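Accompanying notes for the structure given below.
Here, each number is a calculation from the coordinates, and none is a lab measurement. Not measured: the values here are computed from a predicted model. Reconstructed Cβ throughout: ideal geometry from the backbone, glycine too, with neighbour counts over all protein chains shown.
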């Protein structure tokens, strides 16, 4: 099963991961990744915008691809949109599998795709105002591994 959600407000990563873990007691390995707004660098806020008709269906299609490639007991793709402050969680990916390797690879694949091929536009606010952020070349290289 996949739990795919797009969230406009905040979420509690510890509570989400605890619920996911409790729902998959048969799994020998649960791997998670939490992305959060970095503190420092003059960033005062981060905003993620998206095109609603594509975002959630795209995330669901990504989850389907992941579940076809790896043997998983569960998958969680949780992504925020809107304005966030330093320290706020942005994305939580968790994969539960009988064996750790599938869980690690599934979570890694999910993040590489969410980072580089997602349906979000990102901009950050500093003392100079707002500026759009493009995916880094490293993000595209990470994606090319798959």
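Helices in the chain, meaning DSSP H runs of at least 4 residues, each add -39500 (n - 2.57). Divided by all residues, the mean residue ellipticity at 222 nm is -11500 deg cm²/dmol. How far is helix 52-69 tilted off the main Cα axis of the chain, in degrees rounded to 10, range 0 to 90? Approximately 40 degrees, to the nearest ten. Peptide packing: for 62-70, 15-23, the average count of neighbouring Cβ atoms within 10 Å per residue gives the ranking 62-70, 15-23, highest mean first.
Can you work out D for the stretch 7-77 in µm² s⁻¹ from Stokes-Einstein, where Rh is the Kirkwood radius over C-alpha pairs, the temperature is 37 °C and the viscosity is 0.692 mPa s? The partial results should precede the final answer.
Numbers: Rh = 14.9 Å.
So the translational diffusion coefficient is about 220 µm²/s.
Principal-axis analysis of the Cα atoms of the chain puts helix 13-22 at an angle of about 10° to the longest axis. Calculated on the alpha-carbon coordinates, the convex hull of the stretch 2-144 measures out at 105 cubic angstrom per residue.
At a threshold of 8 angstrom on Cα-Cα distance, excluding pairs fewer than six apart, so keeping six or more, what relative contact order does the stretch 1-76 reach in percent? Computed over the stretch 1-76, the figure is 65 percent. The C-alpha atoms of the chain define a longest principal axis, and helix 100-116 lies at about 30 degrees to it.
Per-residue packing, averaged as other Cβ atoms within 10 Å, sorts the ranges 29-36, 130-137 into the order 29-36, 130-137, beginning with the highest. With each label modelled as a point 7 angstrom along the Cα→C-beta vector, the residue 67-residue 2 pair spans 0.7 nm. If you take every DSSP beta bridge fully contained in the chain, what fraction is antiparallel? Give it as a percent rounded to 5. Within the chain, antiparallel bridges account for around 80 percent of the total.
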